[in-house]
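We did not get these values from a lab; they are worked out from the coordinates using the rules stated. Keep in mind that this is a model prediction, so the values were computed, not measured. Here the Cβ positions follow ideal geometry from the backbone for every residue, glycine too, while neighbour counts run over all protein chains shown.
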Amino acid sequence: MKQQLNMLLLLLSLFFLVPGIATASNYPSQIGEKLGNGIVNVVTGVVEIPKTVMITGNKNGPAYAMTAGFMTGIVHMLGRTVFGAVDLATFMIPTKPLVSPDYIWKNFDRETSYHTNWQLR
């Protein structure tokens, strides 16, 4: 009876450990991707200003782009830079990017948006 109980505990522990081992092989690449994403967003945050001015100018005209587009660009610059710093500080926890698009050069014609829900990769 004791031997069967030990065998059952061994099987249950293997059942719970095998998925963890399978996902552990992706862990270094996931934290590396998040670290790189954080560095890129901190460095390229300032590019949000001309990007947002361009997008706003295409939608609403140049006068609106130079005023509201510029101010919105400053907000997006701060947002991308702060979320990049958060990614740098928490790179050991592999979460999905909080900024969309995750890199500024992806979908350059789309205005930046932010997610507040943290999801693991």
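Residue-by-condition table, conditions (1) under 12 Å from the mean Cα position of the chain (by Cα); (2) surrounded by 13 or more Cβ atoms within 10 Å (Cβ to Cβ):
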| position | (1), (2) |
| --- | --- |
| GLY84 | yes, yes |
| LEU88 | yes, yes |
| MET92 | no, no |
| THR95 | yes, yes |
| LEU98 | yes, yes |
| ASP109 | no, no |
| THR112 | no, yes |
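So is LYS59 charged (D, E, K, R) and loosely packed, with under 15 Cβ neighbours inside 10 Å or not? Judged against the criteria, LYS59 is a match. Are any of the residues in region 77-99 over 24 Å from LEU120 (Cβ atoms) and touching a residue at least 12 places away in the same chain (Cβ under 8 Å)? Within region 77-99, one or more residues are over 24 Å from LEU120 (Cβ atoms) and touching a residue at least 12 places away in the same chain (Cβ under 8 Å). Scanning region 62-82 for residues that are farther than 15 Å from THR44 by Cβ, small (Gly, Ala, Ser) and surrounded by fewer than 19 Cβ atoms within 10 Å (Cβ to Cβ) gives ALA63, ALA68. From the set of residues in region 76-121 that are of a type in the set (Lys, Arg) and assigned to a loop (DSSP other than H, G, I, E, B), which is nearest to GLN30 (Cα to Cα)? Selected residue: ARG121.
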